Structure formats: C-alpha cells, structure tokens
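Just so you know, all these numbers are worked out from the coordinates, no wet-lab data involved. Note that the structure is predicted; figures quoted are calculated from it, not measured. Neighbour counts run over all protein chains shown; Cβ positions are idealised from the backbone, glycine included.
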Amino acid sequence: MESRLRNIQKLSSSEAKEKIASDAAFRAELSTLSERFLRIKVQGCNTCYFDAFVKLLLIDEIMEDCDFKLRSGALMRDMNKKVKNVTKFNLTNELAVYYLITNPHVKKFFEKIPPNINELMATFNTKTLKFEKPKEVKEEIKEEPKENTTKKQVRKPRKTTKK
C-alpha cells in the first residue's frame, strides 16, 4: 500500500487529471488509497477524485492502522494542551486512549472502539503517551488468624499521641 501511495504522489496534477478522466482503474486506486490513508470514501465526479489525489499528496507520514474510529466531523481538543487536536484523519491508538482516559465522555464521539479497551487503558501512560508493559502485581500474603483470636487481636493497634 505504501508503495502504491508513493507512486501516486510522484504524479503531477495534470497527469492525475488526465488519468482520472480516462482511467477507471486509477479512480479505483485513488478510492482504495483514500479509504486506507484518509479514511474517506471517494466516489462520484472527477473533482471528488482530484480532491482525494491532492489530500493523498499531502500525506507525509503514513498513519498506522487505528483500532478506533471517530465519527465524521468530530474534533477532540485537549484542554491540558499536552497533545494535538484530533480528527478522524489523524487519530492513532495512543491519542484515542489518552482522550478516553482524560475525558470518558468523549466515548460518544467514537464510531468504533475495540473490545479490549480496558486492557489498553490499563497499560497506557498518560505522561509519556505510550503503552507500557503491565507491571507485575505482588499480592500480600496474609496469615490466617489463629482459631481463638478475636477481631481486636487481629487488628494492629493504632498509634496515639498524648495531649
């Protein structure tokens, strides 16, 4: 897919206009690439295909596959200004989990949330904005109380200060 995108990015705008007007396979390729990289479906007139071509030209970094999907027109802004504003075009797993942790009410802006969201949220570090391996939890071993002990004997005495 990346090589196909890079091939399209090498075309000039006049070459793209000619191919859009005459080549159905090229229009199908534009539609496939824009759905994959821009997350929009392209269909209809030649102008729509040319707009998709221009948007594909502007892609510098190839976005990774995202398990989340924002609704069309949704814009999420971070009030802490830690991360950039997010739309469906620049959404990543890290940004989606960050927004869900910092503001759970943004859940309504998502069309698609993966079923393992709780695991993702548990392993996400909001300071570094990265997923981390879960830390091993050490369970405390509690001794069973002896048969003839009372609740007062089991409890640890509180420290008191004299006035």
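List of remarks:
- A crude spin-label estimate for the pair residue 123 and residue 12, with each label 7 Å from Cα along the Cβ direction, gives 4.9 nm.
- Most tightly packed first, judged by the mean number of other beta-carbon atoms within 10 Å of their residues, the peptides 34-41, 76-83 read 34-41, 76-83.
- Calculated from backbone phi, Karplus (6.51, -1.76, 1.60) coupling profile of region 71-84 in Hz, x at Gly/Pro: 5, 5, x, 6, 10, 10, 10, 8, 6, 7, 6, 7, 10, 7
- Gyration tensor verdict on region 69-131 (Cα atoms; rounded if a/c is under 1.5, prolate if a/b is larger than b/c, oblate otherwise): oblate
- Remark on region 2-57: Rg and Dmax equal 9.8, 26 Å (Cα only).
- Using a cut-off of 23 Å between Cα atoms, the listed pairs 55/127; 81/108; 55/107; 41/88; 10/69 include 55/127; 55/107; 10/69 as exceeding that distance.
- Modelled this way, with points 7 Å down the Cα-to-C-beta line, the labels at residue 108 and residue 75 are 1.9 nm from one another.
- Extension reserve of the residue 41-residue 89 stretch, reckoned as 0.36 nm per residue once the Cα distance is removed: 16.0 nm
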